[in-house]
There are 6 protein chains.
Amino acid sequence: MSGVVVQNVARADAGVIDGLARAGVATLHEAQGRKGLLAACMRPIYAGARIAGSAVTISAPPGDNWMLHVAIEQIEAGDILVLAPTSPCEDGYFGDLLATSARARGCRGLVIEAGVRDVRDLTEMGFPVWSKAVFAQGTVKETVGSVNVPVVCAGACVEAGDVIVADDDGVVVVRRAEAAEVLAAAERRIAGEEAKRERLAAGELGLDIYDMRGRLAEKGLKYV
Amino acid sequence: MSGVVVQNVARADAGVIDGLARAGVATLHEAQGRKGLLAACMRPIYAGARIAGSAVTISAPPGDNWMLHVAIEQIEAGDILVLAPTSPCEDGYFGDLLATSARARGCRGLVIEAGVRDVRDLTEMGFPVWSKAVFAQGTVKETVGSVNVPVVCAGACVEAGDVIVADDDGVVVVRRAEAAEVLAAAERRIAGEEAKRERLAAGELGLDIYDMRGRLAEKGLKYV
Amino acid sequence: MSGVVVQNVARADAGVIDGLARAGVATLHEAQGRKGLLAACMRPIYAGARIAGSAVTISAPPGDNWMLHVAIEQIEAGDILVLAPTSPCEDGYFGDLLATSARARGCRGLVIEAGVRDVRDLTEMGFPVWSKAVFAQGTVKETVGSVNVPVVCAGACVEAGDVIVADDDGVVVVRRAEAAEVLAAAERRIAGEEAKRERLAAGELGLDIYDMRGRLAEKGLKYV
Amino acid sequence: MSGVVVQNVARADAGVIDGLARAGVATLHEAQGRKGLLAACMRPIYAGARIAGSAVTISAPPGDNWMLHVAIEQIEAGDILVLAPTSPCEDGYFGDLLATSARARGCRGLVIEAGVRDVRDLTEMGFPVWSKAVFAQGTVKETVGSVNVPVVCAGACVEAGDVIVADDDGVVVVRRAEAAEVLAAAERRIAGEEAKRERLAAGELGLDIYDMRGRLAEKGLKYV
Amino acid sequence: MSGVVVQNVARADAGVIDGLARAGVATLHEAQGRKGLLAACMRPIYAGARIAGSAVTISAPPGDNWMLHVAIEQIEAGDILVLAPTSPCEDGYFGDLLATSARARGCRGLVIEAGVRDVRDLTEMGFPVWSKAVFAQGTVKETVGSVNVPVVCAGACVEAGDVIVADDDGVVVVRRAEAAEVLAAAERRIAGEEAKRERLAAGELGLDIYDMRGRLAEKGLKYV
Amino acid sequence: MSGVVVQNVARADAGVIDGLARAGVATLHEAQGRKGLLAACMRPIYAGARIAGSAVTISAPPGDNWMLHVAIEQIEAGDILVLAPTSPCEDGYFGDLLATSARARGCRGLVIEAGVRDVRDLTEMGFPVWSKAVFAQGTVKETVGSVNVPVVCAGACVEAGDVIVADDDGVVVVRRAEAAEVLAAAERRIAGEEAKRERLAAGELGLDIYDMRGRLAEKGLKYV
């Protein structure tokens, strides 16, 4: 089952991907019907990064980072590496040397349901990583896994070429085939929110803007 | 039991509340006899904020943020929202729109034993949040909860109108009726610590300042 | 077994210790054969610190920080305090007063498999701490423990006088007797990495630099 | 705040308490409006026990079981000990000697948000315990706490004399003043469930028994 | 995206399903190339059950068990319910009434990445459940989810009609299309293990049976 | 550092080992000064086993069980296998085939800070295991570790030949050189407890038996 590298992966349109980055994780998650979010354990190694890119997926054995070298060859400019270990692991699969290599190929960042190390160097490089742990624990290069096969990363299915968006709120995956439609929905949502933000900032209440008082009363809410 | 909004909540004196903010969480926790601390899982979304305010409490179902809209109407200037879900939940109940609305009412921040999202926006706004998780997961508006009833938030009982103090060390609740007395105790404690800080900085040992050597020997401590 | 303070602990050479600080945690962990790492739960209270020093070890009861006062007397300039509770505990054993005292003795930082408080003050002082939790919970001074005995801290054995190195990647312990040899291995490793970093930055692949293609094929990796 | 033993605690009616035991945790939790449940981490040391009794509450320092001896003197026949540590702790506060003593006073069991030990002996004695951990770690007797003061145990407020009910589903607290009313509601609920159980066992669907189809269609559920 | 019930789901051959039950989780996981395992947090409510059946999948909001009623109508004899909440939740979605209803439809058990209650009754009924938690916390019926759509349950992708096998080791999913082939591989594996078990029981070493000594020496293993 | 198998390990006296088994974990932990306990996450796969034996230690890479085969050759009758992974791992390193092999060499059980599988078979065989997880996840045989070197297992240092005692309370390690002395201390403790158990069973209070009332009053305990 493992031991496969899928080549010639289709990517979403570059303009759509960049639009998705601007929308951000929380908005996209809502815009696509509250799906695709990775678990809350996935945290950025530094604050402020917001990226989007096409997933190069990696299924790797616990404590073995060999497939990262294989995956880097599959990177096209604008891609994001997505690593899911085949069983829970916190080891530091990735550090500044791999980041240097990935960046040279045009990689925008890493999403890894495991550990990362050299985080000071990665921060100085501005190479963003979302991970489950920061841990210097070393890995081996003994067992093959797969690249660009479907994986479950932090509870979300990710296929090669899906769009990954990551920011301070976490990580969301948008299906490649749905990317344009999700972007459109997100842009409508952002436009709608702007008007509401102004009204809220002016002191109007959500209770009134969203006309909630009647339904709350029906559900039995009592003021005492 | 749920479905109640308590209005006309008494608050502590504004000057006392501001004094409690200056004292900070660790000092207040000691000054009031080591009680009232929320669990260590409650972390700020950004470093450096230190706030105090009167609690507007929210008991909310898991994954349902409807009561936040109801609670915002109950905010008076200087209040802090305190949300406890009725069962463990990490969903992102609160983001930048709600923060805009809460701030317009004079809210100083949010303490939530669940998740928060739009943390980059909240950080830019300077709207501080202490939460159990950062998670973009959306919520629904289907089930009523209660506002300004007693809640257990992260292991601490909080009643509406209690004083909440939060900083980089976490969150502590001070009973409204005890606020002035706790502030006085905290100020005595701070005064006492200043002298000790100087002696310690000068190289004197706690062993001598606090006269511990005899009691340590009695308890059997041996130097080898 | 407890109730012992070991004095006259041997330290590693100061120059070696400073060299180890420059190498950093991830490199040293590799250089000494992937051992000595503390668990990933040990996180710095602020980013950017990188220290090395000789361990003054503390075995303390849960919720009792008395031995910290005893340990501070044993500090020599350049030391690092290492506290392991005798059972799991998140209490805030250490705050700004103890940091003031420790710093006055020349202490470079604290590694504690428990909680720490006053983290804003500690950050302003530039006194680095690696801990399992930030928690304002107070402690008592009732039960003796031991100082400078062997402890297991976050899963790693630490003996008094061992070298502790800590940075944004976590904490590693280097045996005192092996410190010079580990430093030499680390420096060789760093030198070797520099050349590789340049080749990787230029776009060469790890697959080629490390000559992995043949072995991957042998293990059955297929490109499809 | 600590250092207090409250005597002369009022208990609920013994017949009501026994009725509550028969109803069980899940039914009572529903019958009283979904409140009062302790967190899911509280597990029985052996399967099959179902008890109810009046709470003798204990607030104890981490790793210090002195107050258990104090609390046992306060037990009346039919009581249940409820221990909440003042900060998170897994130590084994309680074993077969304390169980022997508690049983001699008529104690029906222990609910402890910490650890327990001698679980084989406790199982053989038939002395049930609900705890967060099984851990042989010893405790000291150095610091006083309080007995029969309000505590927060595993996220639920418990006052002395409240009724505790515990079974394989976990632990629920029923306010003393509400005990009779909750029992009545539980008995109505049980009666209503019996008829439904028979219809469900006969193959009728909840969709029809509870008349859900229309409301599901309104909410947009589609069959494809 | 949610609000869909897929009907007319294809199932695997009944004889194959029963064969998979006999093989058990650990063997099937190996036989299908070490994939399909649900996370280790999924534990049985009682020891000794071993079941296999076709998955009826449920995607449900946190704290809302409405879709279980919908799903039960979709059960065919021999099926297993598989519930994945849309965000992490420990609430008790399922108890003895739902089990009575599910059993009346021929359901063999429940796999739920959330909580279950009435576990004593379920144990007496012999209705097996694998869950993340035992928790009496009630749920609401307010928000629709979906039935028989693909879900990620405890880290594994499950589609309606896939074969679920569960025993004391946990839960594994076998793709419907691969079920016969996996059963054949499992049976070969079991046959091969029997001979090895006898040799091992007679005192032969795995080192010799699997001819490992040479390869261990090559990898540098030293006996001292 | 890894890649070493230490042979010719000294064991404690067999009669002492059997005496330690009779004393049990909680008593031994106290008798040796509250040290040597493994973390509370180490739980037995079935209730009721109580064993003692000499440790054959294994340091293994995450997800790689090769060293178990190597270790089994080093077993002498009465030994217990103790496996510590070099980084956190839940994989199922051990199942019924390895148990068959280990038992044929006289092994009394396994202590593993990782996962175990085939637990139904192991229970039927009466082969006891204390582990951090039950998980069917398979492992590879690619990387060497070490046998009979010192390890840290679940937070406790274990050296080859140390005595391991395990029962329903968990696992404790007794240094080989201290085994006879610890047994003597445990037997004194057991004798002392017997008299106390009788007095407690007769209704005498620990407060009186241990003469605690005066010291409690001194510490400020108040009865109200």
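Read-outs: derived from the displayed coordinates by stated rules, not from any lab. Remember, predicted model here, so these are calculated numbers, not experimental data. Because the Cβ atoms are built from the backbone with ideal geometry, glycine has one as well, and the counts that use them run over all protein chains shown.
When the charge dipole of the range F:136-224 is built from unit charges on Cβ atoms (+1 for Lys and Arg, -1 for Asp and Glu) and taken about the Cα centre, the candidate among F:VAL152, F:ALA180, F:THR139 whose Cα reaches farthest toward its positive end is F:VAL152. The charge dipole of chain F, taken about its Cα centre with unit charges on the Cβ of Lys, Arg, Asp and Glu (plus for the first two, minus for the last two), comes to roughly 520 debye.
Once every Cα of the protein assembly as shown carries one equal point scatterer and solvent is ignored, give the base-10 log of I(q)/I(0) from the Debye formula at q = 0.05, 0.09 Å⁻¹, two decimals. The Cα Debye sum returns log10 ratios of -0.35, -1.34.
Dipole magnitude for the range F:1-125: about 380 debye, using +1 per Lys or Arg Cβ and -1 per Asp or Glu Cβ, origin at the Cα centre.
Along its three principal directions, the equivalent ellipsoid of chain B from the Cα gyration tensor extends over semi-axes of 37, 18, 17 Å, largest first. Rg to Rh for the range F:135-224: what is it, with Cα atoms only and Rh by Kirkwood? Reported Rg/Rh (Cα atoms, Kirkwood Rh): 1.21.
Diagonalising the gyration tensor over the Cα atoms of the range A:41-108 and scaling each eigenvalue by 5 before taking the square root yields semi-axes of 18, 16, 11 Å, largest first.
Converting phi to 3J(HN,Hα) with the Karplus coefficients 6.51, -1.76 and 1.60 and the offset θ = phi - 60°, the range D:139-150 yields 10, 10, 9, 10, 10, 7, x, 9, 10, 6, 9, x Hz in sequence order, with x at every glycine or proline.
State, to one decimal in nm², a quarter of the convex hull surface area for the C-alpha atoms of the range E:11-124, i.e. the direction-averaged projected area.
Details: hull surface 28.9 nm².
Orientation-averaged projected area of the Cα hull: 7.2 nm².
Computed from point charges on the beta carbon alone (+1 for Lys and Arg, -1 for Asp and Glu), the dipole magnitude for the protein assembly as shown about its Cα centre is near 0 Debye. How far is the Cα center of the range F:161-192 from the Cα center of the range D:20-59, in Å? Between the Cα centres of the range F:161-192 and the range D:20-59 lies a distance of 36 Å.
Ignoring aspartates and glutamates fewer than eight residues from F:LYS35 along the same chain, the ones with Cα atoms less than 14 angstrom from its Cα are D:ASP91, F:ASP162, F:GLU178.
GNM remark for chain D: springs join alpha carbons under 10 Å apart, and the peak mean-square fluctuation among D:TYR210, D:TYR93, D:TYR46 falls on D:TYR210. If you wrap the tightest convex hull around every Cα atom of the range F:126-167 and split its volume per residue, you get 137 Å³. Please give the net charge around C:LEU221, taking every other residue with its beta carbon less than 10 angstrom from that of C:LEU221, where Lys and Arg add +1 and Asp and Glu add -1. So the surrounding residues net to +3.
For D:GLY109, what is the net charge nearby, where nearby means another residue's Cβ is under 12 Å from its Cβ and Lys, Arg count +1, Asp, Glu -1? Working shown, then result.
Working: positive: D:ARG50, D:ARG103, D:ARG108; negative: D:ASP79, D:ASP167.
Its environment carries a net charge of +1.
Per the Debye calculation on the range A:84-125 with a single equal scatterer at every Cα and no solvent contribution, log₁₀ I(q)/I(0) for q = 0.18, 0.33 Å⁻¹ amounts to -0.51, -1.18.
Straight Cα distances below 19 angstrom link A:LYS196 to the lysines B:LYS141, with same-chain residues fewer than 8 positions distant left out. Mean residue ellipticity, 222 nm, helices only, chain F: the sum of -39500 (n - 2.57) across DSSP H runs of n ≥ 4, divided by residue count and rounded to 500, is -9500 deg cm²/dmol. Across identical copies of the chain, C:LEU207 has label-point separations of 3.9, 5.2, 6.3, 6.3, 7.7 nm, listed in ascending order, with the point defined 7 angstrom from Cα along Cα→Cβ. For the range D:82-127 versus the range E:64-138, the inter-centroid distance based on Cα atoms is 32 Å. Rounded to 0.05, the FRET efficiency of the F:MET125 and C:TYR210 pair, given R0 = 45 Å and the Cβ-Cβ distance, is 0.50.
Under the criterion of Cα pairs below 8 Å and six or more residues apart, the relative contact order for chain A equals 30 percent. Among residues of chain E, the one whose beta-carbon sits closest to the E-to-F rotation axis is listed with its distance in Å as E:ALA47, 6. Binning the C-alpha pair distances of the range B:12-65 at 5 Å intervals from 0 yields a P(r) profile of 4, 14, 17, 28, 19, 10, 7, 1 %, listed from the shortest bin outward.
Can you give me the span-like helices of chain C, meaning DSSP H runs with 20 Å or more of Cα extent along the axis and Kyte-Doolittle mean at or above -1.0?
On the way: long enough: C:179-201 (32 Å, -0.40).
Helices meeting the span and hydropathy rule in chain C are C:179-201.
Each of B:GLY109, B:THR57, B:PRO85 was scored by the projection of its Cα onto the charge dipole of the range B:50-162, and the greatest displacement toward the positive side belongs to B:GLY109; charges sit on the C-beta of Lys, Arg, Asp and Glu.
Rounded to whole Å and sorted largest first, what semi-axes of the equivalent ellipsoid does the C-alpha gyration tensor of the range E:107-148 yield via the square root of 5 times each eigenvalue? Before the final figure, lay out each step's value.
Numbers: eigenvalues 79, 38, 19 Å².
One finds semi-axes of 20, 14, 10 Å for the range E:107-148.
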